[in-house]
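Structure record follows, encoded as structure tokens.
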Amino acid sequence: MEKKHNIVYKTTNVINGMWYIGRHSTDNINDGYLGSGKYLLRAIKVYGRTNFLREILFTFETKEASLLKERELVTQEVVKDSQNYNLILGGRGVTGYKWTEETRIKKSGKNHHYFGKFGKEHPCSGYMAHKLRTGKDSNRYGVAPANKGVCGKDNPRTMKYTISFEDGSQEVVYWLDDWCKKWGYRSITIRNLLFGRRGQYKDIIKVEYVIEEKTKHKRMAK
């Protein structure tokens, strides 16, 4: 049954200015709905609902009309905007909606930089992480026996990152995902910057692994 209100709205994070455009069908226009995007929901969890403001852009009589407007507003350029929470193009529920050829290729994964890479060749493998961190090849990676029982920052093999900002300051980060959630950055975008797949992101100009010289550690007593 058709809902009474079919709206296209914009939800804005009043802390960092990031925003999200979506559509919603409801019988109560003041139901407090903010959106269901993955990144948006994560941000709401971090900042709290009170720090998000929903603005109704358009109201339609039918769901189909609101989907068409969402499709018109949430374009590829909007999705790529670093200040935007939308992950996919708008209007996914429009009758007769078809993927663009570019989207079909992306969804197939054939052009993805990870496609066809397995084991040590995969960028997310422990081998590659060790090589990027130390600058050396190694068949041994992960937590060495000498470091068993040594956790967190005290473990010399804990992954560390140097974040360089446009004002010239730097920060050493241990847990990248937690740090991104705390300060409102997208961890996937930070990693793209780390691997050289994009340029400056907001006020961050460079992300690097902290490369340390290999040190000898005495084995812990059994």
How many of the residues making up region 43-71 are surrounded by fewer than 16 Cβ atoms within 10 Å (Cβ to Cβ) and within 15 Å of residue 13 (Cβ to Cβ)?
8
How many residues are touching a Leu at 6+ places or on another chain (Cβ under 9 Å) and either in a loop (DSSP other than H, G, I, E, B) or touching a residue at least 12 places away in the same chain (Cβ under 8 Å) (or both) when one looks only at region 71-85?
7
Tell me, please, whether a residue that is assigned to a helix (DSSP H, G or I), over 19 Å from residue 188 (Cα atoms), modelled with pLDDT under 90 and of a type outside the set (Asp, Glu) can be found in region 17-39.
no
Selection from region 1-37 of residues that are loosely packed, with under 13 Cβ neighbours inside 10 Å and either among the polar types (S, T, N, Q) or in contact with a helix residue (DSSP H, G or I) (Cβ under 9 Å, 6 or more places away or on another chain) (or both):
2, 14, 28, 30, 32, 36
Collect the residues in region 191-212 that are part of a strand (DSSP E or B) and at pLDDT 85 or above, keeping them in residue-number order.
201, 204, 205, 206, 207, 208
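The values are calculated or read from the model by the stated rules, or taken from the named source; none is laboratory data. Keep in mind that what you see is a predicted model, and the values were worked out from it rather than measured. Reconstructed Cβ throughout: ideal geometry from the backbone, glycine too, with neighbour counts over all protein chains shown.
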